[in-house]
Structures are given as structure tokens and as C-alpha cells.
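Reviewing the structure listed below.
The values are calculated or read from the model by the stated rules, or taken from the named source; none is laboratory data. None of the values given here were measured: they were computed from a predicted structure. Here the Cβ positions follow ideal geometry from the backbone for every residue, glycine too, while neighbour counts run over all protein chains shown. With ligands, DNA and RNA removed, areas are computed over all heavy atoms of the protein, side chains included. Shrake-Rupley method; radii C 1.70, N 1.55, O 1.52, S 1.80 Å.
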Amino acid sequence: MERTSFIEAIKNSYGFSGPKIFLGAGVLKQQILPEATVNLSLRMMTRHGLVTGATGSGKTRTLQLIAEQLSSAGVSVFMPDMKGDISGLAKEAVPNDKLTERATAIGTTYTPSAFPVEIYSLTGKLGAQMRATVTEFGPILLSKILELNDTQTGVLTMLFKYADDHGLPIVDFKDLKKVLNYLTEGPGADEIKSDYGKIGGSSAGTILRKIVALEQQGVDHIFGERSFEIDDLFEKVDGRGVISLLNVSDIQHQPAVFSTFMLALLAEIYQSLPEAGDLDKPKLVFFLDEAHLLFKDAPKAFLDQIDQIIRLIRSKGVGIFFCTQLTQDVPQNVLSQLGNRIHHVIRSFTPNDVKALRETINTFPRSSFYDMEQQFTQLGIGQAFITVLNDKGIPTETVVTHLAPPASVMGPLSEQEYQQLLSASNLYKKYKDTIDPQSAHELLEARMKQYEAQNTSREIPVPAPRPRQTSTTRTSTPRAPRKEKSTMDKVVGSPMAKQIGRELVRGVFGVLFGTTSRKSRRGIF
């Protein structure tokens, strides 16, 4: 009787009418029931989601399973490859006994498949180079990467404000250092003091040291031109959405860098896309693996802006899925926006683990079929507690699910296969070479040379001896010529330069509310 009631409850909860993703089959009292099909509605994926679980519980393979089916449904996917071990999405798996057994247990036939994949890298070593200009990135996100305090962040914001007002594109660190030098030790020091405020030598020195430190670590490659064009995330191959992987395995020791870059990328996506309303399926699903890195030591303003973009980006047809070990890794205001939940096993070895487990259970709809606390700690690899939103936005029945196996290789490509994939990529070729446009460095160099030349021309010559005067002829001492204002003096003194200009409204997301757009884009849709 309980078995029948369980199957009926799961069918009623997860039997969506529109397009859907097949996750697996329900489990009751350690028995897998193929009739209790568990799905995820494509329409509700813009209500965002959360995938959690202990290390080794199968989170990465769950992401792989979802990404595959999104691609098959024509939905583009972006996801980070934290350890370089999911490039196997580009190659169909070889069936074996374990895969066949898992598929049979949930009532399906295992069908291997490969998927269209593009691989990106922040260093350019492991994939197509992803870049953004410093101006696009914005002062607050850059401050997070540089690990600046509030005072230093204020100074950096002032530099961006000055650059915006004076038409100085800050493309890379070379430009940023030039602006910093110009406004602290160069001719611009007095100008910025009168119009914007004084820059302390200590703060300027700290910012410069942090920039140099990142340059020494090779991270400066992410700033420059050609900057990444969001359109490239929406490519399709034979009707299937491209899965874009950002391989960050070579900068794992710099989590603030890649997590903040992904956030900036998400903000650019928001800025670029038109309003779409409720769609039958999303345009893009964006996975944020190791999500706790985004929120670590983040100021309140930063968290508020993340909350804002989570709320707003749904209307652009974009779904965001956070992936981390514990529900508690995600702030409450963000967690409340995540309607679809997939929770793998939670280990309860310590008092803190037990507390975290109980808090996680409280986020699930109560189930009459499970002792939630006991069941959570007994989940096997590739099993998860699931609740998602149905077509009406109501949370579904909580169910332990035996998840379907991915159709592609569950691991990395071989070195040869990886290189072949990169060689065949047009995007790898497109972003390979760096472009050095005229920017703040060149403009300020020219300005400083002009300033020095004008100062040299202003030098007062040593006066010649006065001619001897006679009683009949008297020579008047010539009056010194009036100093002509330099071009810089005229510009600085003009009403236009004195006007502060438009307010800098980047906020936390440099490009989300940025005053400088990347470039005119062709329509995506």
C-alpha cells in the first residue's frame, strides 16, 4: 500500500506537461522504483537551483547529467571545470556493466552520446582565452580580486571615476598602473585633489603592490582585449546547445580570481540580454561550482548585488545553479531564490555537521515517506534528496532519487583528444592573440610629454644687460610677455572639465550597471 501511495505521489508531483529533464527514479526503503520517475521542468529552471553534497557524493556527475540534457534540448550551458575532469562531455561513453545496471534499475536503456563543447581558460593555456577589460570589470569586483580594504577600494573607485570622466579606457593592468601613477605622482595629482579628493600615498602603494603581485602570478592575462563576447555562449550545433566549460584547474590556488570573473561574466550576460519573460525553456543555464568561494569574506553590498541579479536575471531567460558542499555556504537571501534543490549525502561526523544537517532538512518540504535525518546520512553515491518546482511554482514532493548515469565520458579527455578539440575550435583561434588598442597608457603618455614640453617652453630666459641710456634717447624696459595658458590648463579650467559628469553607477557588478559598454553587439535572438 505504501509503495502504491509513494509512486502515485511522485507521479503527481513530477509529471510535468512541458519539456523536462529526466533525473532518475524514486527510492523507498532502499528499493528503486522505476515507475516513480523524477523530472526537472525546463520551464522552471529559470527559478534557479542548488546542488549540494559531501566530497565524492556525485555532485559533478549530477551537473554533467543536467548539462547533457539541457544541450539536447537546445539550451546553452556554462559551467566551470574545477579540476579539468569534465571535458569528457565531448566524447560518448563506452557502456559497461555499472552503467547498464544503473540505467536498468531506473527503467531506461543506456544510450551513450557526445555533446558539443567549447573549452575556455583564464590563462589561455587550457582553452580559448576569456578576457575582460579592467574598465568592464569595475572597481568593486577588481577590489575583491586584489583583496583591498574599504579605504583602498574607495581609492580604486576614484580612479575609475576619473578615467570615465576623462575618456581614458582602462584595458589592462598597464593602463591602471599608468592612471594610478599619473594621479599620485604626475601632473594629475593636483587635479584629482581639487575635483575628486586626495589619494593617500599608502593606499596607492598598496594597490600598486597588489597589482604587481597578480602580474607575477600570471593572472593579468584575464584583463585586456580582445574581451570575451557574450554572444559566443549561445552557439548551437545541429540544434543542440553548446556546453561552455571554463577550465580553471591551473589557477585553483586563486579562487577569488575565477569566482569573481564568473560573477562579472554573469553580470555581462544580464546586461546583454533583452527581457524575455517566462519561456518554455531557458536560453542559458549558468552553473557556479564551488559557490562558497563567491561569498567568502564578501561585504554586505556585494551580497546585496548578488541577491539582486539572482532576482532580475530570471526575466532574461537565464537560470543559475549553485553547487557547493553545504546549504549553509549560500547566504539566506540568495538561498531563498533557489527553487530547485538536489542534495547529495551529508556526512555528520562532528557536532557542526549534525547542526548543518538539521538546518538543511528544515529547507525541505516534509515527507511522510522518510525519516529525513536518518535518510540523508544513508544516501549512496549517485543518490540525492530532490525537491523542485512544478509548473505552478509549488515545491514538489521530497524524494530520494537514484540518479541516471551521464551519456558522455565521466572524466577528462586524453591529452591528444583535448588538443584536437582546441585545434578544431574557431573560438580558440578568435581569442588567442592579444590586441593592444590605444588606451589610458598611451593617452596619458602623450599628455605627460605635452605637459613637459609646455613647461620647458615656459622657462624664463636670463635677461640681457640693459643698454646704456643717453639723455636724448631713453629705451623702455620691455615688459615680460604674458604667459599663455597651456592646453591642459584650458581643459582643466573649462566648465566641462569642472563638471563632475555622470555618476559612476557600476555598483558591485562593474559591467552590470557600467557606464562603458563593451562594444556594439549583433542581436543574439
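From the alpha carbon centroid of region 34-74 to that of region 93-169 is 20 Å. Hull volume per residue, based on the alpha-carbon atoms of region 336-375 and their convex hull, is 81 Å³. For region 197-252, the convex hull spanned by the alpha carbon atoms encloses 141 Å³ per residue.
Stretched out straight at 0.36 nm per residue, the stretch from Glu147 to Thr4 would grow longer than its current Cα-Cα span by 45.8 nm.
Taking only the Cα atoms of the chain, the ratio Rg/Rh comes out at 1.14, with Rh defined as the Kirkwood radius. You can think of it this way: the chain between Val94 and Thr108 has 3.4 nm of extra reach, that is 0.36 nm per residue less the Cα-Cα gap.
Measuring nothing but alpha carbons in region 229-288 and taking Rh as the Kirkwood radius, the Rg to Rh ratio lands at 1.01.
When a 1.4 Å probe is rolled over the protein heavy atoms, the share of accessible surface on the chain that falls to carbon and sulfur comes to 51 percent. Shape descriptor for region 106-207: Rg over Rh equals 1.29 (Cα atoms; Rh from the Kirkwood inverse mean 1/r). The Cα-based radius of gyration and maximum Cα-Cα distance (Dmax) for region 1-94 are 15.3, 47 Å.
Counting only protein heavy atoms and a 1.4 Å probe, the chain has 47 square angstrom of accessible area per residue. Model label sites at Leu208 and Lys29, defined 7 Å from Cα along the beta-carbon direction, differ in position by 7.5 nm. Take the Kirkwood radius over Cα pairs of region 275-413, plug it into Stokes-Einstein at 20 °C and 1.002 mPa s, and you get 127 µm²/s for translational diffusion. Of all DSSP-defined beta bridges confined to the chain, some 45% are antiparallel rather than parallel. With the helix formula -39500 (n - 2.57) applied to DSSP H stretches of n ≥ 4, the chain reaches a computed 222 nm mean residue ellipticity of -11000 deg cm²/dmol. Close amide-amide hydrogen proximity is noted between Gly74 and Gly241, each under 5 Å apart and 5 or more residues distant or on a separate chain (H modeled in the peptide plane; Pro and chain starts excluded). The calculated FRET efficiency for Ala453 paired with Ala424, based on their beta-carbon distance and R0 = 41 Å, is about 0.20.
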